[in-house]
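Contents: one structure, followed by commentary.
The values are calculated or read from the model by the stated rules, or taken from the named source; none is laboratory data. All figures in this text were calculated on a predicted structure; none of them were measured in a lab. Quick reminder, even Gly has a Cβ in these numbers, built from the backbone with ideal geometry, and neighbours come from all protein chains shown.
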Amino acid sequence: MANNKRIFIETYGCQMNVYDSEIVLSILEKEGYTPCSRLEDADLILVNTCSIRENAEQRIWGRLDRFMQEKKHRKTTVGVLGCMAERLKQELLSHPAVDLVAGPDTYRELPQMLRNLENEGDKQIDTRLSMRETYADIEPVRTDTGGVTTFISIMRGCNNMCTYCIVPYVRGGERSRDPHSIVREARQLHAAGYREVSLLGQNVDSYLWKNPENPTETVNFAQLLELVALVSPDLRVRFSTSHPKDMSNGVLYSMAMYPNICTHIHLPVQSGSDRMLEKMNRKYTVAQYLERIDKIREIVPGAAVTTDIIAGFCSETEEDHQATMDLMKKVRFDSAFMFQYSQRPGTKAARHFEDDVAPETKTRRLNEIIELQSAISLELNRECVGHTYEVLIEGTSKRDTGSLFGRTSANKVCVFPALGHRPGEYVNVKVESCTSATLLGNIVK
Ligand code: SAH
Ligand code: SF4
Ligand code: F3S
């Protein structure tokens, strides 16, 4: 059903958005659109957006101005998808470049919206959120070129209401996807040559599927992990994000039991101060967080733990900041995503708390956090030197075409001479040296 139209899709934000863009491509390929890699060639330009921090949105406004220039010298349609579409609705639609606005639960409506636009010429908008949509039956078009690792979305939305966070407002309530469709997708990927899948959710530990025909039949996250691990011993399984208040020992036992479930947990702590954690509505204390860390290290020895940290949340004092640094020293995270607090309109924090940490203080605290983390990452990587790890080869090193890169089970990036090996293979790599971000080594037997 070719319509000879070319589509260019640009994706911002988290891995969920990458996955969603692949769902959108799949829906539109069935309508005859073919993907293209240059904006200048596209009849339809889509931008899948993120609202998590203000600067994420700022970038999108800049892109819309760029698309406007494109429209000045040729006919092309521009659509805004995703979280910012959901948050700003009409405000985005009134930008002169924008023809269409679609929220994250309305992608099945895109073909109809595009037809309406073509036939009637009116701008189109649909930002309804759904309590059921999981796109379970849609097979995403994989756009990553490597063909070795990819994502599977296992749930959508979030019910947690951390006070700083926009996600529950733009992604809607939490819903878990049918496990059969998840396992089917993992099998198809394995058959197509993929060797690693990452299961995605805002809080994977609260995954819970109830069979609509028989509500007593349920599948929780620990069980789902097992089901996916059983697809094949040479298909690695990763997952993200774990929530400290919900991560169960059951998940850790599943990890310990199956060698193909990777020994890495992303467990965002956000702050090392109990007062901040309470104010963030994270529903755990530092002591409870540390107890989870101990359990991880007891049940899955050698597991890497990574985290997210926010610097400068409302009313954060120097002591609160020090408490975060102390926690980082105690836990020694393998790596971290670190951010300055950015107030998001409509969230509880925006409505009730003052964004009162001065911007320069936020920046200084963030820099201290980044510096500390980078020293810890380097120390931990140095401890890997001399050891041998199984690495799944993902591709050719960008810096040196004679070298390959891949990751260890603990998610450490390794670079090593190719010696005739290829992406998709498992090799043992002996680490010879490192930086804070990369292990360098050689393939050994
Ligand atoms: N669901 C995941 C994280 C989703 S957002 C979880 O609960 O951990 C990814 C990260 O962005 C968060 O962990 C947090 O550290 C950061 N983040 C979210 N809202 C933010 C805001 N308003 N300002 C700064 N960072 C924020
Ligand atoms: Fe946001 Fe909290 Fe949900 Fe994560 S768990 S998406 S931080 S509300
Ligand atoms: Fe992801 Fe950004 Fe939306 S982090 S869920 S794309 S707000």
For this session: Give the residues of segment 102-113 that are more than 15 Å from ligand 3 (Cβ to nearest atom) and either closer than 14 Å to Ile45 by Cβ or of a type in the set (Val, Ile, Thr) (or both), sorted by residue number.
Result: Leu110
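Looking only at segment 160-185, count how many residues are more than 30 Å from Ala350 (Cβ to Cβ), part of a helix (DSSP H, G or I) and within 16 Å of ligand 3 (Cβ to nearest atom).
So the count comes out to 0.
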Problem set entry | Within segment 68-124, helices (runs of 4 or more DSSP H) holding 2 or more residues that are touching a Lys or Arg at 6+ places or on another chain (Cβ under 9 Å) | 83-88, 110-120
Seminar exercise, completed: Picked from segment 14-29 (must be of a type in the set (S, T, N, Q) and more than 16 Å from ligand 2 (Cβ to nearest atom)), the residue nearest to the chain's Cα centre (by Cα) is Ser21
For this session: Identify, from the list Glu29, Glu22, the residue that is surrounded by fewer than 16 Cβ atoms within 10 Å (Cβ to Cβ) and either at pLDDT 95 or above or within 12 Å of Pro140 (Cβ to Cβ) (or both).
Result: Glu29
Problem set entry | In segment 32-49, the residues that are assigned to a loop (DSSP other than H, G, I, E, B) and surrounded by 22 or more Cβ atoms within 10 Å (Cβ to Cβ) | Tyr33, Ala42
For this session: Scan segment 373-382 and give yes if some residue there is in contact with a Leu (Cβ under 9 Å, 6 or more places away or on another chain) and either assigned by TED's automatic domain parsing to the domain that holds Ser198 or not in a loop (DSSP other than H, G, I, E, B) (or both), otherwise no.
Result: yes
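Residue check: is Glu390 surrounded by fewer than 16 Cβ atoms within 10 Å (Cβ to Cβ), without any contact (Cβ under 8 Å) to a residue 40 or more places away in the chain and in a helix (DSSP H, G or I)?
On the way: surrounded by fewer than 16 Cβ atoms within 10 Å (Cβ to Cβ): yes; without any contact (Cβ under 8 Å) to a residue 40 or more places away in the chain: yes; in a helix (DSSP H, G or I): no.
For Glu390, the condition - surrounded by fewer than 16 Cβ atoms within 10 Å (Cβ to Cβ), without any contact (Cβ under 8 Å) to a residue 40 or more places away in the chain and in a helix (DSSP H, G or I) - is not met.
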For this session: Looking only at segment 1-29, count how many residues are at positive phi and within 13 Å of ligand 3 (Cβ to nearest atom).
Result: 1
